[in-house]
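Working notes, beginning with the structure itself.
The values are calculated or read from the model by the stated rules, or taken from the named source; none is laboratory data. Bear in mind that the values here come from a model prediction, so they are computed numbers and not experimental data. In this analysis, Cβ positions are derived from the backbone assuming ideal geometry, glycine residues included, and neighbour counts consider all displayed protein chains.
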Amino acid sequence: MYAFKYQRARTLADAAAVLGKDGDAKVLAGGQSLVAAMKLRLAQPSALVDLGGIGELQQIKVEGGAVTIGAMTTHAAVAASAEVKKAIPALAALAGGIGDRQVRNVGTIGGSIANNDPAADYPAGCLGLGATIATNKRKISSDTFFKGLYETALETGEIITTVSFQVPRRAAYIKFKNQASRFAIVGVFVADFGPSVRVAVTGAGPGVFRIAEMEKALAAKFAPDAVAGISVPAEGLNSDLHAQADYRAHLITVLSRRAVEAALG
């Protein structure tokens, strides 16, 4: 690990000021990915600005047909929240399936989304639920937030403050997980909003993505057989030691059907 300065920000304005002065400084949320990368010398921030002391970033609020979660809220807190379980049970279940107990009690929703690991769970929840990501500067639709492999629409000095999820009629998230890390080899989030349906896939490609053909079929008939015959091209999907692209393509269809089944209860 390279040398770096450490600062525990007391307010969001304090954190933004440091980032504005130092383009090589990084925000520290849960640190589950950033610290590991620093240990391997894959990341070399000049300074870490710890957001852990900013209370306004740790909140869960349900109102106006949306669940709004502060960026520094841990996965464990989301999974245990009675409000989230009642409004969007699938989101609470997604959070409860991230990593292990240690990771869930330290990792944060804002850190996960900002990192945008191609196998992370929260990006699928964001895209599947049509979330809006608020920062200290603006609001960004999830449809434009996730750009690709570890890439987002965040600009230099921009800090995620809250994530607001639309409450669907029903939803479910199903993943085929890596048994060691619990990252998604493929994960599918399906959300039914009545006139429209969203289907988001993580783990299969270089970034989270939606499947328009499945969404159209499920909007016409929200049933497992509506997607059972829809095949996703393997071209552009990931191939690695865990699964080849054609197997991931097969899993997308299988998990989409199972997600619909789970959403229907």
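Which of the residues spanning region 61-90 are touching a helix residue (DSSP H, G or I) at 6+ places or on another chain (Cβ under 6 Å) and farther than 15 Å from residue 162 by Cα?
Result: 76, 79, 85.
Output yes when any residue across region 102-112 is among the β-branched types (Val, Ile, Thr) and over 30 Å from residue 252 (Cβ atoms), and no when none is.
Within region 102-112, one or more residues are among the β-branched types (Val, Ile, Thr) and over 30 Å from residue 252 (Cβ atoms).
Of the residues 49, 78, 35, 84, which is at pLDDT below 95, of a type in the set (Val, Ile, Thr) and assigned to a helix (DSSP H, G or I)? Steps first, please.
Working: 49 fails: assigned to a helix (DSSP H, G or I); 78 fails: at pLDDT below 95; 84 fails: at pLDDT below 95.
Criteria check complete, one pass: 35.
If we only count strands (runs of 3 or more DSSP E) wholly inside region 146-237, which ones have 1 or more residues that are touching a residue at least 12 places away in the same chain (Cβ under 8 Å) and among the acidic types (Asp, Glu)?
On the way: elements: 146-148, 160-166, 170-177, 184-192, 197-202.
Ranges flagged: 184-192.
Can you find a residue that is within 28 Å of residue 263 (Cβ to Cβ), in a strand (DSSP E or B), at pLDDT 95 or above and outside the structural domain of residue 208 (by TED's automatic domain parsing) anywhere in region 102-110?
yes
Would you be able to say whether some residue in region 245-263 is farther than 23 Å from residue 112 by Cα, over 22 Å from the mean Cα position of the chain (by Cα), of a type outside the set (S, T, N, Q) and modelled with pLDDT under 95?
No, region 245-263 contains no residue that is farther than 23 Å from residue 112 by Cα, over 22 Å from the mean Cα position of the chain (by Cα), of a type outside the set (S, T, N, Q) and modelled with pLDDT under 95.
Residue by residue through region 63-75, note down the ones that are modelled with pLDDT of 95 or more and farther than 21 Å from residue 98 by Cβ.
66
Go through (1) surrounded by fewer than 18 Cβ atoms within 10 Å (Cβ to Cβ); (2) within 27 Å of residue 4 (Cβ to Cβ); (3) of a type outside the set (A, V, I, L, M) and name the single condition residue 115 misses.
Every listed condition holds for residue 115 apart from (1).
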